[in-house]
Protein chains: 2
Amino acid sequence: MANEPSTTLTDLSQHGCFGGSVGIYSHPSEQCQCTMKFAVFVPPQAQIKPVPVLYYLSGLTCTEENFITKAGAQRYAAQHGLMLVAPDTSPRGEDVPDEEGWDFGSGAGFYVDATENPWTQNYRMYSYVTEELPTLIHQNFAADPARQGIFGHSMGGHGALVCGLRNPEKYQSISAFAPIAAPSRCVWGQKALGKYLGPDESTWAAYDASELVRQKAQTNRHILIDQGLADPFLEQQQLKPEVFKTTCEEVGQPLTLRMQSGYDHGYYFIATFMEDHVRHHAEVLCG
Amino acid sequence: MANEPSTTLTDLSQHGCFGGSVGIYSHPSEQCQCTMKFAVFVPPQAQIKPVPVLYYLSGLTCTEENFITKAGAQRYAAQHGLMLVAPDTSPRGEDVPDEEGWDFGSGAGFYVDATENPWTQNYRMYSYVTEELPTLIHQNFAADPARQGIFGHSMGGHGALVCGLRNPEKYQSISAFAPIAAPSRCVWGQKALGKYLGPDESTWAAYDASELVRQKAQTNRHILIDQGLADPFLEQQQLKPEVFKTTCEEVGQPLTLRMQSGYDHGYYFIATFMEDHVRHHAEVLCG
């Protein structure tokens, strides 16, 4: 039932998985002006008819591989009949500008469209995730363009909240694991937004979930967030879920924020609550 | 309920996971004469009383991390109340002899006690897995020494079958994913056994599951094996499950060998059938 495959997609590997298949692909990206990779899980149900798509955005330092190898989401996606799509976290390549360190540049695109040089030519992860990638998925896989959800972890949780809040018509369901929920107010976010978007903080609000909600960019969908209480980045004030929660309460944005005792920032935490998150999306997308 | 922790165990990291915890540990190994690492999942049930232990042996090139990050077993172990223990696949270190290549030496201990120089001093993974490691686990964790199972993948599937068949009193349950089931008859096994044990092939039989069964070292327990039909190493004649199956049929060793269409040799295959394997062990160990 898939449409005619795009000639621009390179199939890097295919693996049977929970009755469906995991595929890793690369393609030349118009937005990022470089070769981009992503991972797809196609559930068995896609052999019969187009299925909803759930996008997962990864955190700092990750590639397209972390989620698909470690999160254990395929089992639940196969149960519900959801396609999973996990892009890389930034443009990459010899011709793509980068910096020393792990919290900016390669592996740290922060899901923004950069406006500052030298980042603006390649670092367009917001448009890549919300426009170019969904178009590519619908052209090449048995995906239903009317049913999309988005979730992610840490920097990718920030990305999922921002993409979802700014595009409620595109994404009918949103959730996040330990998101950077108020990037304008934390060290990671101030560095990234300041360099990608420039020093005028008024431009940062479009990429700050708490500011978006404050400015009434809310969705009527219920947002689910899980946050580990043993997460060192929570104590370091990089995540600030309490700011997002207070803002949601002020404007009436439906939110369930669960503080999970004993869990840290890694994939053991994500895997533990993955079943709940996939169900959260499936209840909307597969209902 | 755990016994007094051994002073020789170094706690490298702890992570909440499915209501229990994943820990990575190192310790000085008497058998391997080097620092060895292993991963443990302690299920929530171990807070109340000692639980059975299921050992997982990994394949070529793996460390103690592959299984615990990629196989998705913790969810099922938490359901059944099983502890999971995953050791490294060889001794390692500057003072440990090694060779170029990935199919012998570091990451490729083949779960034998080597008798040839220079390997005999460190490469004692059989005694490490069957004696030293279980003792360490029972000294340091809430583990029930009377209830142990063993499983593994590829080289580790070979190790699990050999350890299980030679020690039916120690391991009440055995299973394997894509095991090297007749190592005396394949390129990987002939190289490893020839170098670790020497050219006299009669010494290899103690580390060849098919030869062990032929020589009546069978267990009365039902062995479960899953093998992917899209596994390139099956076609390359490295695994030979059919030799093991024929031998089991000849001597009456209970075996279920499932040939799984569309699955290759990797962790997507392992994760897909992990639930069945953990249940196979739990039915014996938690009954």
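The values are calculated or read from the model by the stated rules, or taken from the named source; none is laboratory data. From a predicted model like this one, the values you see are computed outputs, not experimental measurements. Quick reminder, even Gly has a Cβ in these numbers, built from the backbone with ideal geometry, and neighbours come from all protein chains shown.
Observations on the structure shown:
- Among the residues of segment B:101-143, those identified as of a type in the set (Asp, Glu) and touching a Phe, Trp or Tyr at 6+ places or on another chain (Cβ under 8 Å) are B:Asp103, B:Asp113, B:Glu116.
- B:Glu116 of a type in the set (Asp, Glu) and surrounded by fewer than 19 Cβ atoms within 10 Å (Cβ to Cβ): yes
- Any hit, segment B:50-60, residues being under 18 Å from B:Tyr207 (Cα atoms) and in contact with a Lys or Arg (Cβ under 6 Å, 6 or more places away or on another chain): no
- In segment B:246-265, the residues that are within 17 Å of B:Gln227 (Cα to Cα) and surrounded by fewer than 16 Cβ atoms within 10 Å (Cβ to Cβ) form Cβ pairs under 6 Å with partners that are aliphatic (A, V, I, L, M) and at pLDDT 95 or above, at six or more places apart or across chains, as follows: B:Thr256/B:Leu224; B:Met259/B:Leu229; B:Ser261/B:Leu229.
- Sole residue being away from chain A (no Cβ under 14 Å) and over 26 Å from B:Asp200 (Cβ atoms), chosen from B:Leu84, B:Leu133: B:Leu133
- Filter pass, B:Ser21 being in contact with a His (Cβ under 9 Å, 6 or more places away or on another chain), within 14 Å of chain A (Cβ to nearest Cβ) and surrounded by fewer than 22 Cβ atoms within 10 Å (Cβ to Cβ): yes
- Residue tally, condition in contact with a Ser or Thr (Cβ under 7 Å, 6 or more places away or on another chain) and surrounded by fewer than 24 Cβ atoms within 10 Å (Cβ to Cβ), over segment A:64-91: 2
- Segment B:219-245, residues that are more than 11 Å from B:Phe177 (Cβ to Cβ), surrounded by 14 or more Cβ atoms within 10 Å (Cβ to Cβ) and within 12 Å of chain A (Cβ to nearest Cβ): B:Ala230
- Restricting A:Cys62, A:Cys34 to residues that are farther than 18 Å from A:Asn140 by Cα and within 14 Å of chain B (Cβ to nearest Cβ) narrows the list to A:Cys62.
- Residue within segment A:196-218 that is within 14 Å of chain B (Cβ to nearest Cβ) and hydrophobic (A, V, I, L, M, F, W, C) present: no
- Any pair with Cβ under 7 angstrom, 6 or more apart, that starts in segment B:153-169 at a residue that is under 24 Å from B:Tyr263 (Cβ atoms) and ends at one that is modelled with pLDDT under 95: B:Gly164/B:Thr219
- Just one of (1) in a helix (DSSP H, G or I); (2) buried (at least 19 other Cβ atoms within 10 Å of the Cβ) fails for A:Ile180. It is (1).
- Any hit, segment B:258-272, residues being on the phi > 0 side of the Ramachandran plot, at pLDDT 95 or above and either touching a Leu at 6+ places or on another chain (Cβ under 6 Å) or away from chain A (no Cβ under 14 Å) (or both): no
- Selection of segment A:92-110 for residues being of a type outside the set (Asp, Glu) and either surrounded by fewer than 19 Cβ atoms within 10 Å (Cβ to Cβ) or under 16 Å from A:Cys34 (Cα atoms) (or both) yields A:Arg92, A:Gly93, A:Val96, A:Pro97, A:Gly101, A:Trp102, A:Gly105, A:Ser106, A:Gly107, A:Ala108, A:Gly109.
- Number of residues in segment B:164-180 that are touching a Phe, Trp or Tyr at 6+ places or on another chain (Cβ under 9 Å) and closer than 16 Å to B:His277 by Cβ: the value is 9.
- Scanning segment A:4-54 for residues that are modelled with pLDDT under 95 and either among the small types (Gly, Ala, Ser) or in contact with a Phe, Trp or Tyr (Cβ under 8 Å, 6 or more places away or on another chain) (or both) yields a count of 1.
- Residue list for segment B:183-213, restricted to those being more than 19 Å from the chain's Cα centre (by Cα) and either surrounded by fewer than 20 Cβ atoms within 10 Å (Cβ to Cβ) or among the small types (Gly, Ala, Ser) (or both): B:Arg185, B:Val187, B:Gln190, B:Lys191, B:Gly194, B:Lys195, B:Gly198, B:Pro199, B:Asp200, B:Glu201, B:Ser202, B:Thr203
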